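Nothing in this text is a laboratory measurement; each read-out follows from the coordinates by a stated rule. Source: prediction; values computed, not measured. Reconstructed Cβ throughout: ideal geometry from the backbone, glycine too, with neighbour counts over all protein chains shown.
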Amino acid sequence: MTPRLVMMAAVGVTALLLQTVVMPVFSVAGWRADLVTLTVVAFALADGPETGARYGFVAGLASDLLSGGSSLVGLTALVLLLVGDGVGRLRPYLAGTALAGEAAVAAGGGAVAFALYGVVALLLDLRQFTGTLVVQGTVASAVWNLVLGPVVCRPVAALSRRFALSDTPSATAGSPSRPW
């Protein structure tokens, strides 16, 4: 197993643990942050659509399996795969964005993820959401991700650069992948 895969697995497990153990304490009006979605957005911004989609699928599947059967297994995986791919495809247009740009993309990614999950759950008649709850959750997710986006995106981007593969676009051309 490569060091990069170990790092990505550690980030995913940490996000899942913090989301299930710590974040319920910090809920506001019943809504809490989705750290797994934030890590998907962070990897997609750092590495592009392929990594965002792959990491999103694995993180979403792990989140689905950890949910204890309260939702359809694979739905979060599909949603996070699409969000990771979409945010990764926006990456060339966001090169050099500042902290506010990362926060805005994180907010948008979180809002799209929640809205997509809620709409698909409504279409499949999973009885988890109503239209009102989907709208409330989308706004709450956007606000949470706006606040926490830079806190998650910056460290994940630094880890991604530190453990970059030599053939990824994030590695600079013409220089060795890692001198150490």
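Could you work out [θ]222 nm for the chain from helices alone, using -39500 (n - 2.57) per DSSP H run of at least four and dividing by all its residues? Round to the nearest 500 deg cm²/dmol.
Roughly -22500 deg cm²/dmol at 222 nm, from the helical runs in the chain.
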Checklist entry - What number, in nm² with one decimal, is the all-direction average of the projected area of the convex hull of the alpha-carbon atoms of region 84-169? => result 6.8 nm²
Item to check | Given charges at Cβ of Lys, Arg, Asp, Glu: the chain dipole, positive-most of V139, L90, A46 | outcome: A46
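Nothing charged except the Cβ atoms of Lys and Arg (+1) and of Asp and Glu (-1): what's the magnitude of the dipole of region 36-133 about its Cα centre? Round to the nearest 20 debye. All intermediate terms of the calculation are to be shown ahead of the outcome.
Working: 4 positive and 6 negative charges, 13 e Å.
It works out to roughly 60 debye.
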Next on the checklist: Just to compare against my own numbers: the Cα pair-distance distribution for region 32-109, 5 Å bins, whole % per bin, please.
Outcome noted: 3, 19, 27, 23, 14, 8, 4, 1, 0
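Treat every Asp and Glu Cβ in the chain as -1 and every Lys and Arg Cβ as +1, leave all other atoms uncharged, and give the resulting dipole magnitude about the Cα centre to the nearest 20 debye. Show your work: numbers first, answer last.
Details: 10 positive and 8 negative charges, 72 e Å.
In total the dipole reaches around 340 debye.
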Next on the checklist: Relative contact order of the chain, please, whole-number percent, based on alpha carbon pairs below 8 angstrom and at least 6 residues apart.
Outcome noted: 25 percent
Next on the checklist: How would region 120-163 be classified by its alpha-carbon gyration tensor: rounded, prolate or oblate, with rounded meaning a/c under 1.5 and the a/b versus b/c comparison settling the rest?
Outcome noted: oblate
Next on the checklist: Can you order the peptides 121-133, 139-151, 4-16, 34-46 by their average number of other Cβ atoms within 10 Å per residue, highest first?
Outcome noted: 34-46, 139-151, 4-16, 121-133
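List the relative contact order of region 27-131 as a percent without decimals, with contacts defined as Cα pairs under 8 Å and 6+ residues apart.
Values: 135 pairs, mean separation 29.1, N = 105.
Worked out over region 27-131, it gives 28 percent.
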